[in-house]
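The values are calculated or read from the model by the stated rules, or taken from the named source; none is laboratory data. All of these numbers come straight from a predicted model, not from anything done at the bench. Please note: Cβ atoms are built from the backbone with ideal geometry, for glycine as well, and neighbour counts cover all protein chains shown. Surface accessibility is based on the protein's heavy atoms, side chains included, excluding ligands, DNA and RNA. Shrake-Rupley method; radii C 1.70, N 1.55, O 1.52, S 1.80 Å.
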Amino acid sequence: MSKKTDKLLPEDFGKSFDMDAFHSWKQSVNEHERISSVMMILYFTGFAALLLLGGLVGIGMFFILALTGLGITLPKYNKRKHCQRQLGINNRDVINAINAAKKRTK
């Protein structure tokens, strides 16, 4: 999504935004996506540990890595949601703006 959100302009939303808040939102989306990939790696590593080690050790490793992933991801997610509230947009608005940007760039 970051490549898609990098191309977004305030006009794609049909609204005018404070440019600092808009750039802060775009940056928070990019940060959240990078951290989400790290979280997925932690989940897969935990699942692999669960399969390979088995028993309580595997279950413990899975939950420790899963909670670590959540602990890393949630602050970035909350920052993105806070920026969206500041701008007065929701996820549906973002999807519509991405579609508008695709039409604009064609």
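A few points about this structure:
- Using a probe of 1.4 Å on the protein chains alone, the accessible area found for Thr73 is around 10 Å².
- The lysines within cross-link reach of Lys81, meaning a Cα-to-Cα straight distance under 22 Å and a gap of 8 or more places when in the same chain, are Lys3, Lys4, Lys7, Lys15, Lys26.
- Farthest toward positive dipole pole in the chain [+1 Lys/Arg, -1 Asp/Glu at C-beta], among Asn78, Asn91, Ile64: Asn91
- Length-normalised contact order of the chain in % [C-alpha pairs under 8 Å, at least 6 apart]: 39 percent
- For the chain, average projected area of the Cα convex hull in nm²: 7.5 nm²
- In sequence order, region 84-94 has phi-based couplings of 5, 5, 4, 7, x, 10, 10, 5, 5, 4, 5 Hz under the Karplus curve 6.51 cos²θ - 1.76 cosθ + 1.60, θ = phi - 60°, and Gly or Pro positions carry x.
- Here region 14-104 has 67 percent of its accessible surface on carbon and sulfur atoms, given a 1.4 Å probe and all protein chains in place.
- Proportion of all alpha-carbon pairs of region 28-83 beyond 14 Å (%): 54 percent
- Assigned charges on the beta-carbon of Lys, Arg, Asp, Glu; the chain dipole about Cα centre (debye): 380 debye
- Isotropically averaged projected area of region 59-106, using the convex hull of Cα atoms (one quarter of hull area), nm²: 5.0 nm²
- 3J(HN,Hα) along region 19-32: 5, 5, 5, 5, 5, 5, 5, 4, 5, 5, 5, 5, 5, 4 Hz, from the Karplus curve 6.51 cos²θ - 1.76 cosθ + 1.60 with θ = phi - 60°, whole Hz, x for Gly and Pro.
- Distance (nanometres) between label positions extended 7 Å along Cα→Cβ at Ala100 and Ser37: 2.9 nm
- Among residues other than Gln86 with Cβ under 15 Å from its Cβ, the summed charge is +3 (Lys and Arg +1, Asp and Glu -1).
- Remark: the chain carries 65 Å² of accessible area per residue (probe radius 1.4 Å; ligands, DNA and RNA excluded).
- Residue order for Lys7, Lys102 - accessible surface, 1.4 angstrom probe, largest first: Lys7, Lys102
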